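Engineer: I have a structure I would like to understand better, so I am pasting it below and will then ask my questions one at a time.
Every number in this text was worked out from the coordinates using simple rules, so none of it is lab data. Values in this document were obtained by computation on a predicted structure and should not be read as measured data. Every residue, glycine as well, gets a Cβ built from its backbone with ideal geometry; the counts of neighbours run over all protein chains shown.
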Amino acid sequence: MRGDVYYSLFFFSFLSIISVSIGRHTSNWAVLVDTSRFWFNYRHISNVLSIYRSIKRLGIPDSRIILMVADDASCNARNPRPATIFNSPYNRVNLYGEEIEIDYRGYEVTVENFIRVLTGRLPPSTPTSKRLNTDEHSNVLIYMTGHGGNGFLKFQDDNELSNSELADAIEQMWQKRRYHELLFVVDTCQAESMGKLFYSPNVVAIGSSAVGEESLSLN
């Protein structure tokens, strides 16, 4: 992630999408996904937890946040400070605090589950905490971070989400009246490509890199 500039752009866009619709929407929701796993992808869990912490401070409660992470870094044997996650060597705020609520962890973080969360096509036994219970008056943030390429995003080196699958899922959301306005933010290599095929109304997409460009990181 490209530091303060990227975060500033993100939050300006997020606050704008909320304020423009004031009076026409009733709730704000978020789906936050770290598509990686393993210790060497520590930066991705710190990315998603940074966003998680920030939107909670902006007033979105855990009941309206779907957090999907492998959750294998905080207590990894190589972590010198167990049960902690930081996003900078200079910022000593532990992002992995007592109030974190993970909804999908480990091998639950799959392309299938992600699509099901967006479209609402979940088994009847799925608890409320794992559901995106939005409607046509909800503004939705989707934030994703991980490894990707031109037109795809890897899920735990096991599967890939294509930009066409993502575009179709968002269109299903629109057809099923599951959002009013949607902000899609993706932090990966060639991130711009993930929003290239969007065709649904009221969607804004932001990527950390252009097509053909790598997304730089601190570790």
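Engineer: For the chain, what is the calculated [θ] at 222 nm in deg cm²/dmol (nearest 500), taking -39500 (n - 2.57) for each run of four or more DSSP H residues and dividing by its residue count?
Structural biologist: When only DSSP H runs of four or more count, the value is -8000 deg cm²/dmol.
Engineer: A follow-up question, please. How many times 2.2 N^0.38 Å is the alpha carbon radius of gyration of the range 35-103?
Structural biologist: Compared with the compact-globule rule of thumb, the range 35-103 sits at 1.06.
Engineer: Per residue, what volume in Å³ does the Cα convex hull of the range 89-198 take up? Intermediate values should be presented prior to the final figure.
Structural biologist: Details: hull volume 15.7 nm³, N = 110.
Cα-based convex hull of the range 89-198, divided per residue, equals 142 Å³.
Engineer: So if I take the alpha carbon set of the range 140-219, get Rg, then get Rh from the Kirkwood formula, what is the Rg over Rh ratio?
Structural biologist: 0.98
Engineer: While we're looking at this one, here's another question. Which helices pass in the chain if a helix is a full DSSP H run, must span at least 20 angstrom along its long axis by Cα, and must have mean Kyte-Doolittle hydropathy not below -1.0?
Structural biologist: Both cut-offs are met by 3-20, 42-57.
Engineer: Return the tail of the calculated pair distribution for the chain, meaning the percent of Cα-Cα pairs more than 20 Å apart.
Structural biologist: 56 percent
Engineer: Tell me, Kirkwood radius of the range 43-154 from alpha-carbon pair distances, in Å?
Structural biologist: Result for the range 43-154, one decimal place: 15.4 Å.
Engineer: R0 = 30 Å: FRET efficiency of D135 with L197, Cβ-based, nearest 0.05?
Structural biologist: Rounded to the nearest 0.05, the efficiency is 0.75.
Engineer: Return a whole-number percent for the relative contact order of the range 100-219, with Cα pairs under 8 Å and 6 or more residues apart as the contact set. Please report the intermediate quantities before stating the final value.
Structural biologist: Details: 209 pairs, mean separation 30.2, N = 120.
That works out to 25 percent.
Engineer: While we're looking at this one, here's another question. Run the numbers on the range 148-210 and let me know its relative contact order in percent, using alpha-carbon pairs under 8 Å that are six or more apart.
Structural biologist: 38 percent
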